[in-house]
Every structure is written in structure tokens, then in C-alpha cells.
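No lab work stands behind these numbers, since they all come straight from the coordinates. On a predicted model such as this, the values are computed, not experimentally measured, just so you know. In this analysis, Cβ positions are derived from the backbone assuming ideal geometry, glycine residues included, and neighbour counts consider all displayed protein chains.
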């Protein structure tokens, strides 16, 4: 199993450009997440999905959109990139078995995005 | 105030020594606690869960103090391969019933020969 994969690994954008980050998992996980990681800060949740066809906002959703058309894929879109979106983006997935049981989140290798 | 706070370090530790560090959390509704490990420019990976009674996993010992709202990680007999950033993570159920994780910014540990 590949686990969680992300494409691309690196990207440089100019302000105002758009792009889509792709996350794929082969573990049949229900839940998927997009985080960003900035120096001196913990990972912050951008958007998440509790199943195919559903998405929800996390704590820093502004400037991003997501889609979960297939269970194994979770796409993160930047419609008009800004320098403040320079960050490392991590996708993660987990299988939320129940409401009181924690399920480990498995992370992809990350995408390093620079917006000039 | 950050919901999860950690000393960023670095903690410089001679090989074979013991190192310990804490993390504090502000939300008393936090239910589950974890340490994740993140190597330089890599993704976070679960190191261990932290149970109320404390728990060990090999050379790693984690403790939870709910009254004072902190968790700790102790690494015995440090190895060069233990050099990493250790992320403190707390989880609580949200109103839409899923386990939201809150990450600390991490504590860097550097083990030296």
C-alpha cells in the first residue's frame, strides 16, 4: 500500500495564479484532512471531509476550496494564490470508527508551496 | 493564547542521556492525547498515545496530568535517530462528532554523539 500520497511535492506560484493539490489514499479511510504548517505554529486544519461527497471548513479555510468526489481523493484548490499561502501543506486520512474512539491520522509527505 | 503550547527547544542531548519535555493544553474538554514525531522536512507520524495512567513504549514514557493540563514525554538512552521534532497533539470531540486534533508547534530534540 502506498498510504497517503500528495502531488505535487513542490510548486512555485505567482500571486493570483491558481492551482490544485491532489491527495490520494489507498487505505479505504472515511475521513480526510488538509493542514498547513508554518514555522513556529502547529499544523492548522484548512478543510476536512467525513466521507465521499462531503466537505467542511476547518480553522483556516479562507482562500481555499476542496472537493471529495471519490472516497480515495481529496483535492485542495487555491483560486487566487497570495504570498500568505506560502506554506507546507499536508494531507491526512483516518478511519473514524466511532464517536468515542480515536483513529490515528496518517499523513502524506507534504507539498511545499511558495507564492511570489 | 495557543490551545497547545510547547517549548520549541532545541533540547541538545548527549547520546545515551535522558531528555524530558512537557506540553500544556488550555481546553479542559480535551479527551485524548498523543505525541507525534516529525523528522526534518517529513510528515508527522504517530509516536504514541498518552493514557491517564501513564504509559511506556520502549525507551519512551508519556505522562498525562489532567489537573494541571499538561502531558510529558521522556526519552531514555537517547539515540542519534531520536533527533526530530516532537509534536504534542490533543483531541476533543466537536459538535459534529469527530475527533478534531489540535497540534502544538513542536519541541526539537537534537541528540549529539
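Across B:16, B:58, B:99, mean-square fluctuation computed from a Gaussian network of chain B (C-alpha pairs under 10 Å connected) peaks at B:58. For the range A:30-84, what relative contact order do you get, as a whole percent, if you take Cα pairs closer than 8 Å and at least 6 residues apart? That works out to 26 percent. Share of antiparallel DSSP beta bridges in chain B, in percent to the nearest 5? If I count the DSSP bridges inside chain B, around 90 percent turn out antiparallel.
Label-to-label distance, residue B:59 versus residue A:38, with points set 7 angstrom from Cα along the beta-carbon direction: 3.6 nm. Relative contact order of chain B, taken over Cα pairs closer than 8 Å and 6 or more residues apart, is 37 percent.
With contacts taken as Cα pairs under 8 Å at a separation of at least 6 residues, chain A carries a relative contact order of 35 percent.
One quarter of the convex hull surface built on the alpha carbon atoms of chain A amounts to 7.0 nm², the projected area averaged over directions. The convex hull built on the alpha-carbon positions of the range B:1-78 has an orientation-averaged projected area of 5.8 nm².
On the principal axes of its alpha-carbon atoms, the protein assembly as shown has extents of 49, 39, 39 Å, going from largest to smallest. The Cα center of the range A:1-54 and the Cα center of the range B:6-83 differ in position by 25 Å. With both partners inside the protein assembly as shown, how many of the DSSP beta bridges are antiparallel, as a percent to the nearest 5? Rounded to the nearest five, the antiparallel share is 90 percent.
Within chain A, DSSP assigns beta bridges of which about 90% are antiparallel (rounded to the nearest 5).
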